[in-house]
Structures are given as C-alpha cells and as structure tokens.
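The structure appears below as structure tokens.
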Amino acid sequence: MARLKIGVLISGRGSNLQALIDAAADPGYPAEIVLVLSDRPEAAGLERAARAGIAHQAIPHPSREAFAAAANAALRQSGAELVALAGYMRILDSDFVAAWRDRLINIHPSLLPAFPGLHPQRQALAAGVRFSGCTVHFVRAEVDTGPIIAQAVVPVRADDDEERLSARILTVEHRLYPMAVRLFAEGRLEVREDRVVVAGATAPGASLLNPSEALASRGG
Ligand code: GAR
C-alpha cells in the first residue's frame, strides 16, 4: 500500500504532530510524515520529529513570502501530497494557500466558525458557551476559515479555566486530526461548493445537553 506523504508545519510544542507520528507508526495507517517544518528553530516539535527519524527543518521567517517560497520548495522536494498545519501560528502567504488548495489542512481548538484567531478557548469561556471543541478544515486565505472536514465537541464545565478547557480540547484534537488525515488519505473527502462531503460518513444520533437534563428533574 502506497501511503500518502504528508508535510507538517509547526511553531511550537507539536503535540498534534506527535499524534500524527503515533498514528503513522502503525503500518496500516494510510499516511506517513515525510517532512516537518517550523518557523521557529526552538520549536519542541522539531525534537519530536528527530526522535521519530523524520526529516525536519527550521525555516527563517523574514517575511511571509520568503517563508512560503522556502517552505513550498522543501515540501515539493519531499514529495508531500498533503500539508497539515499543526499549531503553525502565523498567517500563511495567500499564494502558498492557493498553490496547496484542498491539499492544506489545519486544526483549530474551537467549533469554527466560532472563535477564530488567537486564544479560542479564552474566547469560548468569555462567551459563556456550554460546548466548544475543535475543528479540522481545509485552509483558505482568511485566518481559520475553509471547508470543515471534521469537528469534535467538548462540554464546557462550570469550573473550567482556560488551561483546563484547553487541555480537554487538546486530548480530543489528538484523536480528531489523525482521523481527518486518514479520511483524506483514503480519498473520502470531496470539496463541493466549499463544503466537504465525506464518503460513507455517519453522524452520532445522540444529542448532548449541558447542563444535563438530570439537573432540572432534581428540583430546587
Ligand atoms: C493546538 O491546540 C492547535 O489546535 C492550536 O494550537 C495548538 C498547538 O498545540 N492551533 C491554532 O490555534 C491554530 N489557529 P501543539 O503544538 O501541541 O499541537
């Protein structure tokens, strides 16, 4: 089985990168990471790539255009067929986004289109929403926009702070991203009129209430 070659762009910790590395460690997983690029040489994710024996490189970011040109050249050279942003925290050059259209994906820790940009978990807490979560989507030029591939819902708890909510969402990100990459690698995603159709997809039948209905029946 030829595995889909993916390039991963990071800026920091790289825990989502690690989730992809772990998934790809299974020879039955339909994708493999061929290159990890970072705009920051000190990104801990580069060490994760090194430990896994994956080619990795820090690319200077004197300007958006210069970074994009160098990243694009390295990705083409590596044979990458899909580029996954995994905590890449800068805005990408629009020509790069266009060149990789529908082969460039991102994970974001909110239920987009709610709370794009920085500190989405803090934004969710400030808005008082009862559910947040994470989204994997194809990338378009506007920050955190593009056709949605998959989402996961995480309840917001009364005692959550930014750190606790972020940690619970992150755990689910680590399940969602490898799943979304698998769907891409299996050729099951089709972008139609800027929405993604997933071949053979089923949605969960159950609804979830927060606070739970049990609260109301307890009486006051
Ligand atoms: C993750 O929560 C990811 O969803 C988020 O940054 C974190 C990176 O963590 N990305 C964005 O907010 C992109 N807009 P990681 O480096 O441990 O994967």
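Within the stretch 188-220, if we keep just the residues that are of a type in the set (Gly, Ala, Ser) and open to solvent by less than 60 Å² (accessible area, probe 1.4 Å), the residue that is modelled with the lowest pLDDT turns out to be 219. Number of residues in the stretch 176-197 that are of a type outside the set (D, E, K, R), more than 17 Å from the chain's Cα centre (by Cα) and under 25 Å from residue 27 (Cα atoms) equals 1. Counting the residues of the stretch 115-158 that are more than 10 Å from the ligand (Cβ to nearest atom), over 20 Å from residue 84 (Cβ atoms) and open to solvent by 40 Å² or more (accessible area, probe 1.4 Å) gives 12.
Applying the condition of being more than 15 Å from the ligand (Cβ to nearest atom) and under 17 Å from residue 174 (Cα atoms) to the stretch 8-29 and asking which residue is nearest to the chain's Cα centre (by Cα) yields 24. The residue that is nearest to residue 87 (Cα to Cα), among those in the stretch 159-183 that are touching a Ser or Thr at 6+ places or on another chain (Cβ under 9 Å) and of a type in the set (A, V, I, L, M, F, W, C), is 170.
Here is a check on your reading of the model: is residue 94 more than 16 Å from the ligand (Cβ to nearest atom), in contact (Cβ under 8 Å) with a residue 24 or more places away in the chain, hydroxyl-bearing (Ser, Thr, Tyr) and out of contact with any Gly (no Cβ under 6 Å at 6 or more places or on another chain)? Yes: the conditions hold for residue 94. Across the stretch 94-114, the qualifying residues are those that are assigned to a loop (DSSP other than H, G, I, E, B) and open to solvent by 20 Å² or more (accessible area, probe 1.4 Å), and the one among them that is nearest to residue 195 (Cα to Cα) is 102. The requirement of being open to solvent by less than 70 Å² (accessible area, probe 1.4 Å), in a helix (DSSP H, G or I), free of Cβ contacts under 8 Å to residues at least 40 places away in the same chain and out of contact with any Ser or Thr (no Cβ under 9 Å at 6 or more places or on another chain) is fulfilled nowhere in the stretch 27-43; no residue meets it.
The values are calculated or read from the model by the stated rules, or taken from the named source; none is laboratory data. Model, not experiment: these values are computed from the prediction. No Cβ is skipped: glycine too gets one built from the backbone with ideal geometry, and neighbour counts run over all protein chains shown. Each accessible area value is taken on the protein alone, full model and side chains, heavy atoms only, with ligands, DNA and RNA left out. Shrake-Rupley method; radii C 1.70, N 1.55, O 1.52, S 1.80 Å.
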